[in-house]
Amino acid sequence: MDSAAAAAAKRVQIEKAHNFMRQYRDPESRELKKLSANQFMDVWAHYDKDGNGYIEGTELDGFLREFVSSANATDISPEAVTDTMLEELKSCFMEAYDDNQDGKIDIRELAQLLPMEENFLLLFRFDNPLESSVEFMKIWREYDTDNSGYIEADELKNFLRDLLKEAKKINDVSEDKLIEYTDTMLQVFDANKDGRLQLSEMAKLLPVKENFLCRQVFKGATKLTKEDIEKVFSLYDRDNSGTIENEELKGFLKDLLELVKKDDYDAQDLAAFEETIMRGVGTDKHGKISRKELTMILLTLAKISPDDE
């Protein structure tokens, strides 16, 4: 390596140490450059220091300070962003990018902010969340081809390939690039780092528009009406067969499970939960729930106060 190249490399290292975001801006225009899948992963991993799947608290403060100060042509310190400026910036930033208004930035929200390779961005399906967990469970069954209860790397690659086919972009993506995308998505969404996606991890990659059971109406038994029960039943009885079964039942149980276990559950949890629920409603019709049984479950749910969740 000649002296000029060595000096340039050293300068990049100093910039990264001082302000991680500076390396991703054009030196002349100061615009953010399009990030590759691997670069996006580097940014995410750098700021999500505790690896909990969110940039929040001091992580968020650090990201915003560096994001703003990196836009300056001169190398100013992130600390030059005062606390007052930071609070104003955070307020505007969160209003624009914190879609679910939880006060922290998740992987999708960051992906909306940073310019990325178009084909990689497609894999986040921003404009097309699933209508319900019934659809999610159908997709899960389709790609968990070995019925292991997990989406392994090769199954995830097949899923991503089909997403790109659906967007008519598969011809733009080489096999090597598809492998890179698969590895990156695994790194991003595999929270417990076991090299595969469990149910709750895949649910973050492929979000459902709304968990209907989270609505306030289910928080008090006195508010629960026959119409509410009918709405829920029709939401899950997608084939209008008069019972909730197969992926319909799995979708309903997934939504129930999310109320209890929040962000960490797998197929074994779902199976155990199904056994408990079916035993609780006293049904002998394996794998099916009627309107009456659904009513019993929802009334039980409604009696649980928000503090008990």
Among (1) hydroxyl-bearing (Ser, Thr, Tyr); (2) modelled with pLDDT under 90; (3) over 15 Å from ILE105 (Cβ atoms) - the single one SER36 does not satisfy: (2)
Helices (runs of 4 or more DSSP H) enclosed by segment 75-163 - at least 1 residues per element that are farther than 20 Å from ALA203 by Cα and among the acidic types (Asp, Glu): 83-97, 118-122
Options GLN187, GLN268; residue that is surrounded by fewer than 19 Cβ atoms within 10 Å (Cβ to Cβ), within 17 Å of TYR150 (Cβ to Cβ) and modelled with pLDDT under 90: GLN187
Residue within segment 195-204 that is within 17 Å of the chain's Cα centre (by Cα), within 26 Å of HIS46 (Cα to Cα) and assigned to a strand (DSSP E or B) present: yes
Among residues of segment 192-207, those that are at pLDDT below 95 and open to solvent by 70 Å² or more (accessible area, probe 1.4 Å), counted: 3
Segment 277-294, residues that are modelled with pLDDT under 85 and in a helix (DSSP H, G or I): ILE277, MET278, ARG279, GLY280
Residues that are within 22 Å of PHE40 (Cα to Cα) and modelled with pLDDT of 90 or more, drawn from segment 120-150: PHE120
Qualifying residue in segment 278-292 (condition: within 14 Å of MET137 (Cβ to Cβ), touching a helix residue (DSSP H, G or I) at 6+ places or on another chain (Cβ under 6 Å) and free of Cβ contacts under 8 Å to residues at least 24 places away in the same chain): no
When residues of segment 45-77 are limited to those that are of a type in the set (A, V, I, L, M) and open to solvent by 30 Å² or more (accessible area, probe 1.4 Å), the one modelled with the highest pLDDT: ALA45
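The values are calculated or read from the model by the stated rules, or taken from the named source; none is laboratory data. Quick caveat: nothing in here was measured; it's all calculated off a predicted structure. Please note: Cβ atoms are built from the backbone with ideal geometry, for glycine as well, and neighbour counts cover all protein chains shown. Please note that ligands, DNA and RNA were not included when accessible areas were found on the heavy atoms of the full protein model with its side chains. Shrake-Rupley method; radii C 1.70, N 1.55, O 1.52, S 1.80 Å.
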